[in-house]
Amino acid sequence: MRIEGPVKGVKGRIRVPSDKSISHRAVILGSVAKGKTVVKRWLRSLDTLATLEIFKKLGTNVKERGDELLIEGRDFSFEEPQNVLDAKNSGTTARITLGVLATQPFFSVITGDESLRRRPMGRVAKPLKAMGAFIDGREEGEKLPLAVRGGRLKGMEFFSEKASAQVKSALLLAGLRAEGITKVTEPLKSRDHTERMLRAFGVKVQEEGLTVSVEGGQTLEGTEVLCPGDPSSASFFVALCLLSGGEVLIEEVLVNPTRDGFFRKVREMGADIRYENLREVSGEPVADLYVRYSGRLRGVEVNPEEVPSMIDEIPILAVLMALSEGTSVVRGAEELRVKESDRIRAVVENLRSMGARIEETEDGFVVEGVENLKGSHIKTYSDHRIAMAFTVAGLVAVGETTIDDPDCVSVSYPSFFEDIRRLIS
Ligand code: S3P
């Protein structure tokens, strides 16, 4: 795909597709619950469809009407799948589903695409094994495909080395079918959608500092879940506006404090960005996001404790940093190396090819802002967030940019290019 830059700003309003993390969880929690769950404004993307397909193969009955799902929950009693389950490109699908499979006495195997088969799974398989599940796979259970035979779990206290919402969610779900109490402590708070949604399904979840716990034997009662707009998808329009000019209103965006670190960081860089009409939707804070071009932004630092709240937005933040005044530094983001691609490497390599002054470090990068980027050939490594971040970079760069695999945006945002076209025309 070819992009000709620079564009002359954005104008208008948009409601970006619904939040991916919440859409995955709505299917999973609706399936393990008792009774019917209605999911409204569900995100239909390749990642969330992978979750839906897996839960259908486990016997969940789901009626789909446009972007609404009607799920008949199985109250944690699934059917042995006939074949290997495929999480495709989705780490969230693989890791959280493992937590559910660990509660089931049958045999199942879960795998994923080439990228997902390279990603670490031991962080969830190990504690699930310690709870009593049988799990084995490549590299001593570190890599997919993983085979699982679960059931008869015992609650445990687990100290997670990483701030990982996927690990925490898998263990909390397994804990609901374990004997006694399951406690998960993380070094920094990761996104808390599972905890919030479990409460909406009537489950008692205790939180004390960085420790979350559930008591086994609780039943989830089917409910209604309304999915808000995805802040990760919104971040690309925020960046495009701040780099190219104009103003944009992004409606109904999730602004959960475990997710809105990017918006807070761009405000620190000098951006005019405001939350309007702040309200609560299905237990989550939501706002309309008003963004206005604010001149050249200032370089900033991102410290390790800030990383979890903006982890998926760091590629687009790097593009903003590359064009800001002064030096920017990102530290403590080594987790980016094991996402859909090695995002530190992909960001550094592509930004450099566009003329940015950026140095890679083990856990992040250091950028000296330049005045302009120039068009280049972008290698996405089939990573949706790299493709979208560098589409924005290409739109503000001088000259022609080509993107090697634009279709990978469908993992989280199938209508991305149409929406971009509408806002820049
Ligand atoms: C997600 C959690 C994050 C994030 C991913 C989605 C989730 O990963 O990067 O895109 O929905 O739970 P961690 O499990 O490492 O927090």
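The values are calculated or read from the model by the stated rules, or taken from the named source; none is laboratory data. All of these numbers come straight from a predicted model, not from anything done at the bench. Please note: Cβ atoms are built from the backbone with ideal geometry, for glycine as well, and neighbour counts cover all protein chains shown. Note: areas computed on protein heavy atoms with side chains; ligands, DNA, RNA excluded. Shrake-Rupley method; radii C 1.70, N 1.55, O 1.52, S 1.80 Å.
Of note:
- Per-residue [θ]222 nm for the chain (sum of -39500 (n - 2.57) over DSSP H runs n ≥ 4, rounded to 500): -9500 deg cm²/dmol
- For residue 224, residues with placed amide H under 5 Å, excluding near neighbours: 38
- For the stretch 20-226, averaging the sequence separation of C-alpha pairs within contact (under 8 Å, six or more residues apart) and dividing by the residue count gives a relative contact order of 21 percent.
- Rounded, prolate or oblate (a/c below 1.5 giving rounded, otherwise prolate when a/b exceeds b/c) for the stretch 20-226 by Cα gyration tensor: rounded
- Protein-only accessible surface order, largest first, of 44, 345 at 1.4 Å: 345, 44
- Under 12 Å, Cβ to Cβ, from residue 66 - net charge with Lys/Arg +1 and Asp/Glu -1: +2
- Probe 1.4 Å - accessible area at residue 421, Å² to nearest ten: 140 Å²
- For the set 362, 301, 306, the ranking by accessible area, highest first and with no ligand, DNA or RNA atoms included, is 362, 301, 306 under a 1.4 Å probe.
- Ligands, DNA and RNA left out, the 1.4 Å accessible surface of the chain is 47% carbon and sulfur atoms.
- Amide proton proximity set for residue 365, modelled H, under 5 Å, gap of 5+: 330
- Ranked order, 186, 179 - accessible area, probe 1.4 Å, largest first: 179, 186
- Under the Karplus curve 6.51 cos²θ - 1.76 cosθ + 1.60, θ = phi - 60°, whole-Hz ³J(HN,Hα) for the stretch 70-82, x wherever Gly or Pro sits: 10, 10, 9, x, 10, 6, 6, 10, 9, 9, 4, x, 6
- Based on C-alpha pairs under 8 angstrom that are at least 6 apart in sequence, the chain has a relative contact order of 18 percent.
- Alpha-carbon centroids, the stretch 322-357 and the stretch 253-271: separation in whole Å: 19 Å
- In this structure residue 40 has an accessible area near 70 Å², from a 1.4 Å probe over the protein heavy atoms.
- Cα-centred dipole magnitude for the chain, charges only on beta-carbon of K, R (+1) and D, E (-1), debye, nearest 20: 560 debye
- Each principal axis of the Cα cloud of the chain was taken in turn, and the coordinate range along them, longest first, works out to 60, 42, 40 Å.
- Three-way shape label, the stretch 338-379, alpha-carbon gyration tensor, a/c 1.5: oblate
- Rounded to 5, percent antiparallel among DSSP beta bridges of the stretch 128-274: 70 percent
- Built amide H within the under 5 Å cut-off of residue 325, gap 5+: 297, 298, 299
- Taken one residue at a time, the phi angles of the stretch 359-372 give Karplus couplings (6.51, -1.76, 1.60, θ = phi - 60°) of 10, 7, 10, 4, 10, x, 6, 10, 10, 9, x, 10, 7, 9 Hz. Gly and Pro are set to x.
- Along the stretch 142-157 the Karplus relation, 6.51 cos²θ - 1.76 cosθ + 1.60 evaluated at θ = phi - 60°, assigns HN-Hα couplings of 8, 10, 5, x, 10, 9, 10, 10, x, x, 6, 7, 10, x, 8, 9 Hz to successive residues, with x for each Gly and Pro.
- Heavy atoms of the protein chains alone define the surface here; on that basis the stretch 220-279 has 28 Å² accessible area per residue at 1.4 Å probe size.
- Under the combined filter of DSSP loop state and at most 16 neighbouring Cβ atoms within 10 Å, the stretch 80-174 retains these GluC sites (Glu not before Pro): 142, 161.
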